[in-house]
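Reading through the structure tokens given below for one structure.
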Amino acid sequence: MKEHLRCRFITNMELKNKVALVTGSTRGIGKAIVELLCKNGAIVYINSFKSKEEGEKLQRELALRGFKAYYINANISSEVDVKRIFDIIKKEYGKLDILVNNAGFYSNNKDYETYESFHKVNGWGVYLCTIEAEKLIEKGKIINISSIYGIKPNPDSILASGVKAEVENYTKLFANKFKGRIEVNSVAPGYTNTKIVNDNFSEGVLIELLRNTSQKRLVKPEEIADAVIFLIENDSITGQTIVVDNGILIS
């Protein structure tokens, strides 16, 4: 009886031929997510604003490997650009199954211009993409890439912490709003081996931070991608956050 119920009610999403959009996905975590989605048979839209050449190159490389991947150059903090992204997807495939809100901005500056950039990309961009995605997703998944700063605020990165807390709240609010049709979850990376981390933290600071991690190393982008795929494939998780941080939050 239990086996019968399990087979009847648990219908995990199959990724083959699902249409996915990953924002900010020409390098680092976003690129790793794109590649893993492609390997699992998804049709993937790559996006970036300031790295057009990288995006077009990634599209070509994935096409040569037999994957269906398309690049859209657009600024997710622009309402006009976001509508254009989703209009393209609607015209070409008529639907969207998966949205990964990955695009992010980081700076150690504390002026208003920095806050404005944080909010426009990391906060407003997530909101814009989510409300547009909801119009195209009949039944699917939205994954937000948050941060450990959104769970445990860092006094040295107050602006980033504030905006990532915003993303954590969007995750819960949209999960509740779309319940039964779209599962919304987030992945909160720790210090990950990406250009953003390597450009903004000195080697000495990173060495000190990594002393408090389980594996004494930066998280790999591929490990974040694995968590994203897990959340996409599991239909019974919604409104939750998976932390992938090498144990730094429990230190």
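What follows is calculated from the coordinates using simple rules that are stated; it is not laboratory data. The shown structure was predicted, so the numbers you read here are calculated from the model rather than taken from an experiment. Don't worry about glycine lacking a Cβ; one is built from the backbone with ideal geometry, like all the others, and counts go over all protein chains shown.
Brief remarks on what is shown
- Note on 38, 129: ascending count of other Cβ atoms within 10 Å places them as 38, 129, the fewest first.
- Listed by chain and number, the lysines whose C-alpha is less than 17 Å from the C-alpha of residue 95, apart from same-chain residues fewer than 8 away, are 16, 18, 68, 83, 135, 139, 141.
- Region 97-121 and region 50-88: distance between their alpha carbon centers, rounded to Å: 19
- Here residue 195 is the anchor, and the lysines within straight C-alpha reach of less than 23 Å, apart from those fewer than 8 places off in the same chain, are 31, 50, 52, 57, 110, 120, 152, 164, 216, 220.
- Residues whose amide H falls under 5 Å from that of residue 43, counting only those 5 or more places apart or on a different chain, are 17, 18, 19, 20, with hydrogens built in the peptide plane.
- Per residue, the chain reaches -14000 deg cm²/dmol at 222 nm when only DSSP H runs of four or more residues are counted, each adding -39500 (n - 2.57).
- Shape category assigned to region 101-251 from the gyration tensor of Cα positions, a/c cut at 1.5: oblate
- The overall shape of region 1-124 is prolate: from the C-alpha gyration tensor, with semi-axes ordered a ≥ b ≥ c, the ratio a/c is 1.5 or greater and a/b exceeds b/c.
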